[in-house]
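For reference, the structure is listed below as structure tokens.
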Amino acid sequence: MTGLKIVALISGGKDSLFSLLHCLANGHDVVALANLYPAGSSVEDSDSFMYQTIGHAVIPLYEKALGLPLYRQAIDGGAVNQSKNYGPTPNDAEKADETESLIPLLRKVMAAHPEVDAVSTGAILSDYQRTRVESVALRLGLTPLSYLWQYPHLPPGTQTSLLDDMTDVAQDARIIKVASGGMDDSFLWQDVADYRTKARLVKASQRFGTGGDGAALGEGGEYETLAVAGPAPLWKARIVVDEQERTVLPGEAGSASIRIARADIAPLESSETKQVRKPQLLDDQFAQLLGTLRKDSTEDLSSSSSDALHTGKESTDERIITLVKGLTAAGLTASEQTENIMRDLETRLLDAGHGFSNVAYTSIILRNMADFAAVNTAYGKYFQYPNPPARITLACASVLPDDALVTISATSVKKIAANDRKGLHVQSRSYWAPANIGPYSQAISVPATQANGTEASLTYVAGQIPLEPASMELHSSHGFDTSETFLDQAVLALQHLYRIGAAVGVGRWTNVIAFITAPSHEAAVSRAEVARRVWQTKHTPPSLKSGDEDDDSEDEDESFDVWDQQRGAGRAAWQSYTTGASDESSNETSQSVPPVYVVQVDSLPRNASIEWAAYGSTGKGDETIDIPHLAHLLEMFQGCTR
């Protein structure tokens, strides 16, 4: 893995500094620091929706404390675009948004340090923050890194695991502002990772937050911090603020903050080098699944695939849902064919009263995976907006007409209400799941009607391959093309699927296709059985634990984002979830195993050996949902199904 050269966006807060330790742990180099501060020297704390500005007068000391050059820029503009999602290209109105202040700042850094190719942030749960940094970073050709993303829901999955890990490496971050009814000025200047402070924060969060919403971490602006010390080799010195240099300032609605008159640099109390804990690749439930499959590799599991392929039917109201399938076009190259296909698709969508912003799901089938980059570029021109459609991509020459190098199909769902379409598009590297850098989202959820007439949401999830999220490298613990590696990859890719499903509120999976590659017929037969075994074992736990019956707790809006609620526009905010929560919070354990279809193809992105393509629902029970795109894929690959 090649290390990246990083510019670190720092606010002085605990998260932006702690994320740098994870950058180092993943083999990257921190080259420079960058900070945005409120315009006007007399401003103590601006009302920015995007940036922490309290304590900004101390920021220049980080240059000496970390031994890294610091670049600063005044914040220009306000929160013009208050949507939870942002980008990829701002319109003229958004050019006045405070987010765009990042561009001249980062360009200044890149001019001084041409080797910089990545940017680090401390985003944990806020789509509001993450999508804005991603938009700017990708426009400047920088790789966004958010190693703390979804950190509380990674192993061990506790609300204070982030603070616990800060304690373990002796990062000292002090609370310098409180803005919640559950906290008062007695919290000020306490070490946020001290065990007594953590206990008080958890207790307070029970009054001002809800379980899993990040309140104990200050994710909704409940409090803000200033990091004053940390471990070598990142930290070269510590920041000292004497008591007489700190003044408590009461604020509105019970808030309070600390004004720092003067701060100094002092030697570290310990020069011991400490490494941060990196969350394990598999969480407990998938590690147990892998162990069970290795142990019971000879167990005879009945196939969970259907005897006959589903044919489905087209939507009864094509004004709402339309499937444009199997488009091919003339052209000398795959790129030319894609351009012509996309123009044809645009015409067909317009004829149905739709547009590209309505497309929820696409499938791209190539003759040769080597054409992927060119096809992706041509395809991506048509999806220049947040949350583009979820997508699967693979190569399988046998299903294409003789003169076709690519075929594209698209499902479009016209919105009835403003919140009909919900998406998840994480483009930062993290420990959570693979980043989707480019014109496709991890998941898109749209309204659907179940067979019994009840309403639910249908979620299209992008094809998941076994990449290690932190490095975006293909997982190959036992070398390539071995049975052990294929099993490991199948389980890891399935975990990605479940983490995405949990993030968008999938209650049950309706269908899944496992696309596989294999070097021989014998290997294909074996891998097909392994894929079925993985899926069926995941859905047939040995017994229900006491108290694991259906959870009838009140549903929450999956677009809920705490930062957006309290610091942004006051819209619905992030929904809490636990990785793999589908098993615990839905009735999936009591229903039949969702159908799995195994299809052998020529190749998959990144030379992966398996790609899970799944469809989820928020509905209860076994009620079916008509999915024309699924039926189209099954018909197309009928001769490749194993």
Q: Among the residues of the stretch 227-263, write down those that are among the basic types (Lys, Arg) and either surrounded by 18 or more Cβ atoms within 10 Å (Cβ to Cβ) or not in a loop (DSSP other than H, G, I, E, B) (or both).
A: 238, 246, 259
(Q) Of everything in the stretch 332-350, what is touching a strand residue (DSSP E or B) at 6+ places or on another chain (Cβ under 9 Å) and either more than 22 Å from residue 394 (Cβ to Cβ) or of a type in the set (Val, Ile, Thr) (or both)? Give them in sequence order. (A) 338, 341, 348, 349
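Has the stretch 446-454 got any residue that is assigned by TED's automatic domain parsing to the domain that holds residue 486, within 19 Å of the chain's Cα centre (by Cα) and modelled with pLDDT of 95 or more? Let's see the steps before the verdict.
Narrowing the stretch 446-454 to residues assigned by TED's automatic domain parsing to the domain that holds residue 486: 446-454.
Restricting the remaining residues to those that are within 19 Å of the chain's Cα centre (by Cα) gives 446.
Filter once more, keeping what is modelled with pLDDT of 95 or more: none.
No, because not a single residue in the stretch 446-454 is assigned by TED's automatic domain parsing to the domain that holds residue 486, within 19 Å of the chain's Cα centre (by Cα) and modelled with pLDDT of 95 or more.
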Q.
What's the number of the only condition in (1) at pLDDT 95 or above; (2) more than 30 Å from residue 195 (Cβ to Cβ) that residue 92 fails to meet?
A. (1)
Q: Please work out which one of (1) at pLDDT 80 or above; (2) closer than 16 Å to residue 129 by Cβ; (3) not aromatic (Phe, Trp, Tyr) is the condition residue 53 fails and give its number.
A: (1)
Q. Within the stretch 597-642, can you find the residues that are touching an Asp or Glu at 6+ places or on another chain (Cβ under 9 Å), part of a loop (DSSP other than H, G, I, E, B) and closer than 22 Å to residue 504 by Cβ?
A. 618, 619, 620, 626
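Here's the yes/no breakdown for (1) more than 23 Å from the chain's Cα centre (by Cα); (2) buried (at least 17 other Cβ atoms within 10 Å of the Cβ); (3) at pLDDT below 95; (4) in the same structural domain as residue 632 (by TED's automatic domain parsing):
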position	(1), (2), (3), (4)
498	no, yes, no, yes
501	no, yes, no, yes
504	no, yes, yes, yes
508	no, yes, yes, yes
514	no, yes, no, yes
521	yes, no, yes, yes
529	yes, no, no, yes
533	yes, yes, no, yes
549	yes, no, yes, no
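Across the stretch 479-525, what is the total count of residues that are in a loop (DSSP other than H, G, I, E, B) and of a type outside the set (D, E, K, R)?
Total meeting the criteria: 11.
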(Q) Being hydrophobic (A, V, I, L, M, F, W, C) and within 21 Å of residue 390 (Cβ to Cβ) is the filter here; which residues of the stretch 341-361 pass it? (A) 341, 342, 345, 349, 352, 356, 359, 360
Q | Unique match (being within 22 Å of residue 101 (Cβ to Cβ) and not charged (D, E, K, R)) among 170, 123, 179 | A | 123
Q.
Let me spell it out: the conditions are (1) among the basic types (Lys, Arg); (2) in contact with an Asp or Glu (Cβ under 7 Å, 6 or more places away or on another chain); (3) at pLDDT 95 or above, and residue 84 meets all of them except one. Which number is the exception?
A. (3)
(Q) Pull out all pairs, ordered by first then second residue, where Cβ-Cβ is under 9 Å, the residues are six or more apart or on different chains, the first lies in the stretch 309-332 and is more than 19 Å from residue 348 (Cβ to Cβ) and among the acidic types (Asp, Glu), and the second is surrounded by 14 or more Cβ atoms within 10 Å (Cβ to Cβ) and at pLDDT 50 or above. (A) none
Q: Answer yes or no as to whether residue 167 is free of Cβ contacts under 8 Å to residues at least 12 places away in the same chain, of a type outside the set (A, V, I, L, M, F, W, C), surrounded by fewer than 21 Cβ atoms within 10 Å (Cβ to Cβ) and on the phi < 0 side of the Ramachandran plot.
A: no
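If I filter the stretch 295-315 for residues that are assigned to a helix (DSSP H, G or I) and modelled with pLDDT under 95, do I get at least one hit?
Within the stretch 295-315, one or more residues are assigned to a helix (DSSP H, G or I) and modelled with pLDDT under 95.
Looking for something at pLDDT 70 or above and surrounded by 15 or more Cβ atoms within 10 Å (Cβ to Cβ) - is there at least one such residue anywhere in the stretch 38-45? Quick ask: steps written out before the conclusion?
Filtering the stretch 38-45 for residues at pLDDT 70 or above gives 38-39.
Filter once more, so that each one left must be surrounded by 15 or more Cβ atoms within 10 Å (Cβ to Cβ): 38.
Among the residues of the stretch 38-45, at least one is at pLDDT 70 or above and surrounded by 15 or more Cβ atoms within 10 Å (Cβ to Cβ), which makes the answer yes.
From the list 330, 404, which one is assigned to a loop (DSSP other than H, G, I, E, B), buried (at least 19 other Cβ atoms within 10 Å of the Cβ) and modelled with pLDDT of 95 or more?
404
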(Q) If a residue must be of a type outside the set (A, V, I, L, M, F, W, C), surrounded by fewer than 23 Cβ atoms within 10 Å (Cβ to Cβ) and either part of a loop (DSSP other than H, G, I, E, B) or in contact with an Asp or Glu (Cβ under 7 Å, 6 or more places away or on another chain) (or both), how many such residues does the stretch 435-478 contain? (A) 14
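Yes/no matrix, rows are residues, columns are (1) of a type in the set (A, V, I, L, M, F, W, C); (2) surrounded by 17 or more Cβ atoms within 10 Å (Cβ to Cβ); (3) modelled with pLDDT of 50 or more:
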| position | (1), (2), (3) |
| --- | --- |
| 554 | no, no, no |
| 574 | yes, yes, no |
| 596 | yes, yes, yes |
| 603 | no, yes, yes |
| 607 | no, no, yes |
| 635 | no, no, yes |
| 642 | no, yes, yes |
Q | Top-ranked residue of the stretch 1-40 - restricted to ones that are of a type in the set (S, T, N, Q) and under 17 Å from residue 471 (Cβ atoms), ranked as nearest to the chain's Cα centre (by Cα) | A | 19
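Looking at residue 343, is it modelled with pLDDT under 95, under 30 Å from residue 380 (Cβ atoms) and outside any strand (DSSP E or B)?
Answer is no for this residue.
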Q: Output yes when any residue across the stretch 376-390 is hydroxyl-bearing (Ser, Thr, Tyr), assigned to a loop (DSSP other than H, G, I, E, B) and modelled with pLDDT under 95, and no when none is.
A: yes
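Being without any contact (Cβ under 8 Å) to a residue 24 or more places away in the chain and farther than 26 Å from residue 267 by Cβ is the filter here; which residues of the stretch 225-252 pass it? Lay out the reasoning, then the answer.
Initially, the stretch 225-252 is screened for residues without any contact (Cβ under 8 Å) to a residue 24 or more places away in the chain, giving 242-245, 247, 252.
Residues satisfying the conditions are 247, 252.
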Q. Taking the stretch 385-433, which residues are under 20 Å from the mean Cα position of the chain (by Cα) and aliphatic (A, V, I, L, M)?
A. 390, 392, 424, 426, 433
Q: Give 201, 188 a once-over and let me know the one that is over 18 Å from residue 277 (Cβ atoms) and surrounded by 24 or more Cβ atoms within 10 Å (Cβ to Cβ).
A: 201
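Out of the residues in the stretch 138-149 meeting the condition of being under 16 Å from the mean Cα position of the chain (by Cα) and at pLDDT 95 or above, tell me which one is surrounded by the fewest Cβ atoms within 10 Å (Cβ to Cβ).
Going through the qualifying residues, I end up with 143.
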(Q) So if I check each of 239, 175, which one is at pLDDT 95 or above and touching a Phe, Trp or Tyr at 6+ places or on another chain (Cβ under 6 Å)? (A) 175
Q: Check the stretch 74-81 and report whether any residue there is assigned to a loop (DSSP other than H, G, I, E, B) and modelled with pLDDT of 90 or more.
A: no
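The values are calculated or read from the model by the stated rules, or taken from the named source; none is laboratory data. None of the values given here were measured: they were computed from a predicted structure. Methodologically, a virtual Cβ is constructed for each residue, glycine included, from the backbone with ideal geometry; neighbour enumeration extends over all protein chains shown.
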